[in-house]
1. Between the alpha-carbon centers of the range B:269-348 and the range B:37-59, tell me the distance in whole angstrom.
2. Using a Gaussian network model on chain C with a 10 Å cutoff between Cα atoms, which of C:Thr31, C:Thr155, C:Thr54 fluctuates the most?
3. So how much slack lies between B:Ala388 and B:Thr311, counting 0.36 nm per residue of separation and subtracting their Cα-Cα distance, in nm?
4. Can you compute the label reach from B:Lys171? Point 7 Å from Cα along the Cβ direction, backbone N cut-off under 19 Å, restricted to the range B:193-216.
5. Run the dipole for the protein assembly as shown about the Cα centre, Lys and Arg Cβ at +1, Asp and Glu Cβ at -1, nothing else charged, and hand back the magnitude in debye, nearest 20.
6. Any idea how far apart B:Lys417 and A:Leu73 come out in nm if each label point goes 7 Å out from Cα toward Cβ?
7. Give the distance, in whole Å, between the Cα centre of the range C:237-316 and the Cα centre of the range B:63-125.
8. May I ask you to sort C:Arg201, C:Arg196 by Cβ crowding, counting other Cβ atoms within 10 Å and putting the fewest first?
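Only the coordinates and a few stated rules stand behind these numbers; no lab work does. Predicted model, so just to flag it, every value in this text is computed and none were measured. Cβ placement follows ideal geometry from the backbone for every residue including glycine, while neighbour counts extend to all protein chains displayed.
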Amino acid sequence: MTQLVLFNLFNGLIIGAFYALMALGLSLILNLSGVINFAHGGFLAIGGYLAYMLMPQIGFWGALAVAPILTALIGIAAERLFIRRVYGRDPLYSLLLTFGLAFMIEDGTRFIWGASTVPFAVPSYLSSSLSNEFFFLTGYRVFMVALVIAAVAALFLILGQTRLGMRIRAGTLDLETVSVLGINVRILRNVNFGLGIYLAGLAGVLAAGMLGLQPTIGSSLIMPSFVAIIVGGLGSLPGTLLGGLLIGAASGVVTVFYPSASEAVIYVMMALVLLVRPHGLLGEEGRF
Amino acid sequence: MKSSKSPHSTSRRQIIKGAAAAGLAQIASPFVWSARAADNVKFGLDNPLTGVYAELGKNEQIGCELAIAEINAKGGILGRQVELLVEDSTSADTGTAVQKGRKLIERDKVDFLLGNVNSAMAIALGDLSNELKTLQIVTGGHTDSVTGTDCHWNVFRVCNTTRMETNAVAKTLFDKYGKKWYFITPDYAFGHTLQQGFEASLKEFGGTELGADLSPLGTTDYSAYLIKAQAANPDVIILLQAGDDAVNVLKQAVQFGLDKKFHIAGAQQELEVLNGLPPNARIGTWVFEWYWKQPGVPHLDEFVSAIRKRTGGKVPTARHWFGHVAVWSCALVANQEKTLDAVKLAKALENFKLPPEVALMPNDPFYRAGDHQLMPSLYVGEAMEHGAEPEDLFHVSQVVKGTDAALPVADTGCHLKWPT
Amino acid sequence: MRLLDRRVANAVILLLLLTAPYWINAVGGYTALGSRVLVLALAATSLNFLLGFTGVLSFGHAAYFGLGVYGAGLTIKYLYANTLAGMAVGVAVGTLAAAIVGVMIVRLRGVYFAMVTIAFGQVFYYIAYQWNSVTGGDDGLSGWRRVPISLGFTTVDILGSDKALYYLILICFLVSVAVMAALLASPFGRTLLAVRENERRARFLGIPVDRHIWLSWMVSCFFVSLAGTLYALLNNFADPHDLRWDQSGDFVIMAVLGGMRSFWGPLLGAVIFVVLQDYVSSQTENWMSFIGLLFVLVVLFFPRGVLGIIGRKTAS
């Protein structure tokens, strides 16, 4: 039994890492611009579909490299056209705006690629279990968690070591002062949004390897991402990372004992965390 | 008051005008919806066109549309032209499905109601059509109670009950692959009744159930379930998921290499799922409710090519067949009885045999009188990467008669109450 | 002048609602559509009591709506086939649950409050889904119908006559709306507005903010669960989806669409949302793009909702 729990804990952490990847993108956007991006799942789907289209031409690795970048470009365009008009307003408006965008994206993907699930094939050397000892892992999951670790590390590196990252961090704390100091806040927000959507696109390519690729692929993944952010605490990226891992682990462990509650448990967890710590685990007072 | 002629308000107005014009170009004026002739015979299809069941609903619609074109070419119903009114029930919101059903019956005055893929909606619509005394054929909702405890005199069903599916394949699994089974079941009525069906068979044959796990609908990560199944070391791992859940669980099962160590099987499987899987995940033993490649079945090739014309070259699936059968069943009895009266047609549909050009399968399918369930043939076979043709993804090894697989009427819990 | 305008507006709205079953067919609608609009309008108005007038966003109101649906359905199916009893039980269950949850969450604010309401909503959704021996699970609660109401001297056949059902729903709607309006006009209501405008200042003035938010929450959930019982009667069906967060989202959208700051806003929002969705989804299977575009346009250009435009026009 303990063995089973450990295996599921492990797998839960891997899935949690995936949730964290999505949630980090959401969190980046939320922290700097105060925008609740309900269309994040839609961008995830776009990332998956773009990879599906590119794969015959440039192979899996090519698609993995290019699709998130293209998705980020679409995100940047969306930010320019729509999102930037709701800055400074109540977050409710950004929620409704992006909710509308999510509807349009879902319908758009269904219109372009059809309602059918499309076959997305990952290379066979990724798509098998590792060995008999590690039968509880698949090559694909190991690859996925490695990619997530790389992406998260790169993200924190960008935020910590580059000028762009410094500006984003400063902007998260006090955007007005940053603007007064001469930084072009418009471009900063735009690039930040693009960065967040890049992570969504990347998550989309990864998700398509494990799940069926069809227009609603993003909508089942968006709620756990929000829960991860809340559990970890708004305004804190390490919190989001922690939140994602925690809900993944909780879900995995609960599946051993009470499988049908594996989805409900993340909501119970969120409720419990908020009742005890109203700002999430690592969140700061005064943000939202 | 200063006049507000700021540049923003002008450009704002222009954008809105543009958007409104674009929108209106797609939609005709609300007051002109009655471009329909008042004396057409109308079918109302209340099926999901958006959400997770969109593909299945759409395929059923295409089957219906083909049937209607064929019927009109042959002179229509009672000499009148036939038309299809389609409403999107959505995939999850039963309130909307019921609303649309009411709209079709009360406002649009359809003569026949068709739908729904979603079992909950099929039940709710059955109750509605019963209240409004309209003949309904359930095209694709599989929960047993539609022709069981929730049956109505005016409701018939084309697709199989879950018990028919499990009974069709259980013996094959037991004889060929082994006695020890492990279930991974989606946690809703469809999954539960499939599992119960298999458990009844296991008991009858003397097999053992090593374990069973319920997975919530829409589960994205099946690793926990697959690991548990592996640890139990069964002969057969039974996966009862449908639709997207089936794509997810099979993709992941293959990534865990389970198909190399155990036999994977289940009950209902659909071509839409196999199409959505990468080729290496097209594995397992399943039951199909209809298949496009059946050598020797009359009229099948015409149907396949007619559907191919409507789908941009894709072969028909069971869903196309469900829609086609449903519409034709109504048309045939209406022309036979020379009436559109729901009670008379319902009585005529009982024991009604589908003619070969509609049946498109062996063994003369007919609607059973006691529960209004169609008794078709079921196809047991294995999924394969592809056969001689790239669209041939299922190898049929056995055809089972529906009457052999179905529960006797007395055991279904159906008690039909006819209007007095 | 403005008071007269408001009275005229109220009278016009009342007249339109009272006569709806007679003109609705002429404009391409049907009475059941009108009933659906009213039920959802009641839910949206109840939500707006909390959102527009107290400044607190709940994204989990469908939980209490859904408890109303199930309360009514389970009562009629298993306990006592009586419409008023079903409604009473549904409202009681929804309000009780709201009372308990409200006490727990009233400390939270902003996005956290919204998310925790989702959390509780999802838990109730999960219970309705899981407990399928009682609730029917994913197949929903079926096999029952609304029961004609016997008033001693006559029977109101809400089962056979869709007009009768419409008027029952209309009566409930008007009474609820009148009560909420009265509350908002009272000192209690004024305090809620103060809390909405500036919570910190309200606190400094000695107003027990948490208690006022809890009371507003209670009023809001009471009427939304009433709306739920009416929804059960309309559909003859209870479904777990009635409890999900996207159902809650619909209520929020209706409130914003029509105008959060005005009392009739949610009614107008419900009319637009329900009628548009019903109509557009009949014309094209790409209706989601149109509805999505509508949200985008509303947020970008009409944040005060449709009534906000009208208000601005009459002001200038």
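1. Spelled out, the Cα-based centre of one part sits 15 Å from the other.
2. C:Thr155
3. Working: separation 77, 0.36 × 77 = 27.72 nm, distance 2.11 nm.
Contour length minus the Cα-Cα distance gives 25.6 nm.
4. B:197-208
5. Working: 75 positive and 71 negative charges, 814 e Å.
Taking the Cα centre of the protein assembly as shown as origin, the dipole is about 3920 debye.
6. Placing both labels 7 Å beyond Cα along the Cβ direction yields 6.5 nm.
7. Here the answer is 28 Å between Cα centres.
8. On the way: C:Arg201 11, C:Arg196 18.
Listing C:Arg201, C:Arg196 from fewest to most nearby Cβ atoms yields C:Arg201, C:Arg196.
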